[in-house]
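Read through the structure below, which is laid out as structure tokens, and then see the notes.
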Amino acid sequence: VILDGGKGYTRPMKPMARPGGTRPASACHPPEDQPNPCYAKHVVLRADRADGMVGRNFLVRGAKEHAFYAEETDGLLLDRVKFFWGADYGHLSYTTDHHVVRNCEGIGAGDAAVYPGASPQTGDFRDESFYPQQRFNSVVKRCDLHANVMGYSGSMGNSTRVTKNRFYGNVNGLTSDTVSPQGHPGYPADGMQVDRNWFYSNNLDIYREDPPFEPLVPEPVGTGMIYFGYNDAMVTRNWFFDNWRKGTMLQGVP
């Protein structure tokens, strides 16, 4: 199934077709009082407090904001799904627990293709009276994340596991951070594990003239992975190669 919030396609039945067709990416972001030639919907599929949701075998495409968006959902599985051309995020989950995204593909996100943000503090900083056992609350596994500003991101993405994925052709492969002027809950971020992934050729210069999509955030072109002020994280058994600026970057946030 294709769930589509875009319009103006040149070849609409082609799964990777870009909203707006041959128009420049800047044309897809006109002033609010003008018609949008690229997007009909802000969010394509939303699942708020939809505990126990299972979604398989679909593509969400062409959102002015997020292709898939879940908030405050306990129990969510997305399997064999694609997140294409979300102008903000391909996938965004917020304050969501027991969450698995696997066998996915994401392209064309102005921020991140997959973003489990503000997830519960089920790591070292957890409230043991509420979360007696330390555990990962969100897992991203066997995904192909390419041609985005970031393949993965997650401010205050506490206790998430990212495993057996491929990050390539992005500006930056993966970012996780404690920098959050929006006031994400779960401060400070802790407890993430990144293992058995490939981070390669993340050298996409999306900040050039006439890019295929508009970048929403500044990221250093040519980086495999960046941690900003993250606590108690484990990065192990990954491959980093052909990222022309840095393989990995650690940034302190006092």
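The values are calculated or read from the model by the stated rules, or taken from the named source; none is laboratory data. Bear in mind that the values here come from a model prediction, so they are computed numbers and not experimental data. All Cβ positions, even for glycine, are placed from backbone atoms using ideal geometry, and neighbour counts span all protein chains on display. Ligands, DNA and RNA are excluded from the accessible area calculation, which covers all protein heavy atoms including side chains. Shrake-Rupley method; radii C 1.70, N 1.55, O 1.52, S 1.80 Å.
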Candidates G191, G154, G169, filtered to the one that is more than 27 Å from W244 (Cα to Cα) and not β-branched (V, I, T): G191
Listing of strands (runs of 3 or more DSSP E) fully contained in the range 163-214 that carry 1 or more residues being more than 30 Å from T22 (Cβ to Cβ) and in contact (Cβ under 8 Å) with a residue 60 or more places away in the chain: 172-177
Qualifying residue in the range 222-232 (condition: farther than 15 Å from G173 by Cβ and at pLDDT 95 or above): no
Test: residue in the range 238-253 that is at positive phi and out of contact with any Phe, Trp or Tyr (no Cβ under 6 Å at 6 or more places or on another chain): no
Selection within the range 206-227 - open to solvent by 60 Å² or more (accessible area, probe 1.4 Å) and closer than 20 Å to G157 by Cβ: L216, P218
Positions within the range 128-162 being assigned to a loop (DSSP other than H, G, I, E, B), open to solvent by 10 Å² or more (accessible area, probe 1.4 Å) and in contact with a Lys or Arg (Cβ under 8 Å, 6 or more places away or on another chain), in sequence order: Q134, F136, R142
For G110: the one exception among (1) part of a loop (DSSP other than H, G, I, E, B); (2) touching a strand residue (DSSP E or B) at 6+ places or on another chain (Cβ under 9 Å); (3) open to solvent by 40 Å² or more (accessible area, probe 1.4 Å); (4) not aliphatic (A, V, I, L, M): (3)
Yes/no for R166 being surrounded by 17 or more Cβ atoms within 10 Å (Cβ to Cβ), closer than 30 Å to E72 by Cα and of a type outside the set (G, A, S): yes
Residue that is modelled with the lowest pLDDT, among those in the range 181-221 that are under 21 Å from P254 (Cβ atoms) and of a type in the set (A, V, I, L, M): A189
Residue within the range 80-94 that is surrounded by 17 or more Cβ atoms within 10 Å (Cβ to Cβ), touching a helix residue (DSSP H, G or I) at 6+ places or on another chain (Cβ under 9 Å) and at pLDDT 95 or above present: yes
V100, sole failed condition from (1) surrounded by fewer than 24 Cβ atoms within 10 Å (Cβ to Cβ); (2) touching a Ser or Thr at 6+ places or on another chain (Cβ under 7 Å); (3) under 24 Å from D144 (Cβ atoms): (2)
